[in-house]
């Protein structure tokens, strides 16, 4: 079975791909939660409560990675351009 961290990266990759194809970031981030639920039910074992909690963790984790990576990239670009 896949680990939560691997599923977060997979959902993050799907969300970023949606953004690259022109979906607005807010809409793409909203897709992370259902993708987290789907991936938890498909790839993880446990009870329904565990699947729901793990799905939320995967979705929110992917959204957090998206925002953090985007903010970090913007900060680095601003520092490099101002130098």
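Could you please find all residues in the stretch 45-68 being touching a helix residue (DSSP H, G or I) at 6+ places or on another chain (Cβ under 8 Å) and closer than 12 Å to residue 8 by Cβ?
Scanning the stretch 45-68 gives 54, 55, 56, 57, 58, 59, 60, 61, 62, 63, 65, 66.
Can you name every residue in the stretch 19-32 that is part of a helix (DSSP H, G or I) and over 11 Å from the mean Cα position of the chain (by Cα)?
Passing the criteria: 19, 20, 25, 26, 27.
Mind telling me which of the residues 53, 35 ends up being surrounded by fewer than 17 Cβ atoms within 10 Å (Cβ to Cβ), in a helix (DSSP H, G or I) and without any contact (Cβ under 8 Å) to a residue 60 or more places away in the chain?
Unique residue meeting the criteria: 53.
Yes or no, residue by residue, for (1) out of contact with any strand residue (DSSP E or B) (no Cβ under 9 Å at 6 or more places or on another chain); (2) surrounded by 13 or more Cβ atoms within 10 Å (Cβ to Cβ); (3) under 26 Å from residue 24 (Cα atoms):
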| site | (1), (2), (3) |
| --- | --- |
| 44 | yes, yes, no |
| 58 | yes, yes, yes |
| 63 | yes, yes, yes |
| 71 | yes, no, yes |
| 76 | yes, no, yes |
| 80 | yes, no, no |
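Read the figures in this text as sums done on the coordinates, not as results from a lab. Keep in mind that this is a model prediction, so the values were computed, not measured. Here Cβ is always computed from backbone atoms with ideal geometry, including for glycine, and neighbour counts include all displayed protein chains.
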